[in-house]
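The structure appears below as C-alpha cells.
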Amino acid sequence: MRKKIVILALLLQAGGFSAQNEDPKGQHCVTVGYGVPNLYKVILKNAFDKTHLLSMVFGSSGGSTYTTKAFGSGPFFLKYDHMVRNHIGLGVVIGYFNAGIEETHKYTESSATSPAVNYTDVTRLDFSSLSIGGRFNYHFGKNPKFDPYLGFATGYNSISNSFSFKSDNPNLFSGRIPLPAVTSNLYLALTFGWRYYINEHLGFYAEIGLDKWAIIQGGLAFKFK
C-alpha cells in the first residue's frame, strides 16, 4: 500500500508543474481583469448627491423634485508581462473606465394665461479615461504556481469629459458640450499583486494598490513561453 502511494505521488508530481526552480526567463503572461471600486464614481456621488446641479443654475421652484444617480463601469485592464530576467518583467498595460452623474428635475410651470404644464430636465456629466503605458514588475517568488510581484506603470491617459442638458420644456435649450480635462494626462499605477496558476498556462491574478481609480483588481492570467 505504501509503495502505491509513493508511486501515485511521483506521477502527480511528474504530471503537474515542472521543477520548483524552473527558469522563468522568456515567459509571457497576459492578464484580463476588472477593478473595484470605481473611485471616480464614488467621488461624484458624494459630491453631487446632496448638491443639485440644476438648482445651482436655475434655483428651486414650487413643486420641484430632484433625483440624482451616479453611474459608471470599470476600470477594465489588459496587461502583458514578459520576463526579461529571472525576477524582472517588462510589458504594457491598457486600462479604461467611465463614470458620471445624472440629475433629473421634474417641475410644473404655469401662468395667468396658461394652465399648469409638467416638465422634465435632465442634466448629465460624463467622464471617461483610456490609458496605455509601460509596466515594470519585480517578481520575488520561486514557486511556478504562485507568483507574487510588485508592479509600477506609467504612460499616457486620454480623458474625455462632457456636459449635457436635455429638456422637454420648449423654452430651454438642449445639447451637449465638451469640457476640459480636470485630471492629468499622465498615467501612473503602483500595485502589489500575485498570480496563482491552476495549470501550466491558466491561472488567476489579483492586485492591491492604486490603478485607474481602483484599489483592488483581479481576473484571469494566461502564461506561455
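All of the numbers you see were taken from the coordinates with simple rules; none came from a lab. Keep in mind that what you see is a predicted model, and the values were worked out from it rather than measured. Counting neighbours? That spans all protein chains shown, and the Cβs are built from the backbone with ideal geometry, glycine included.
Taking loop as defined by DSSP and a crowding limit of 16 other beta carbons within 10 Å, which chymotrypsin sites (Phe, Trp or Tyr not before Pro) in region 122-225 fit?
140, 173
Hey, got a sec? Which trypsin sites (Lys or Arg not before Pro) in region 116-156 land in a DSSP loop and have at most 16 other Cβ atoms within 10 Å?
Answer in residue order: 142, 145.
Using the Karplus curve 6.51 cos²θ - 1.76 cosθ + 1.60 with θ = phi - 60°, work out ³J(HN,Hα) for each residue of region 80-89 in order, rounded to whole Hz, and write x for Gly and Pro.
Ordered by residue, 3J(HN,Hα) equals 10, 10, 10, 7, 7, 9, 4, 10, 10, x Hz.
In whole Hz, with x marking every Gly and Pro, tabulate ³J(HN,Hα) for region 118-128 from phi via Karplus 6.51 cos²θ - 1.76 cosθ + 1.60, θ = phi - 60°.
Running phi through 6.51 cos²θ - 1.76 cosθ + 1.60 with θ = phi - 60° gives 8, 10, 9, 10, 10, 10, 9, 10, 10, 9, 9 Hz.
Mind listing the long-range amide H neighbours of residue 215? Cut-off is under 5 Å, sequence gap 5 or more, other chains count too, H placed in the peptide plane at 1.01 Å from N.
The answer is 36.
I need the phi-derived Karplus couplings for region 142-150: 6.51 cos²θ - 1.76 cosθ + 1.60, θ = phi - 60°, integer Hz, Gly and Pro marked x.
10, 8, x, 7, 10, 10, x, 7, 10
Relative contact order (percent) for region 24-224, with alpha-carbon contacts under 8 angstrom and 6 or more residues of separation?
22 percent
Report the local net charge at residue 165: Lys and Arg +1, Asp and Glu -1, summed over other residues whose C-beta lies under 9 Å from its C-beta.
Taking every other residue near residue 165 into account, the sum is +2.
Between beta-carbons, use under 14 Å as the cut-off and find the net charge around residue 132, counting Lys and Arg +1, Asp and Glu -1.
Charge balance in the 14 Å sphere: +2.
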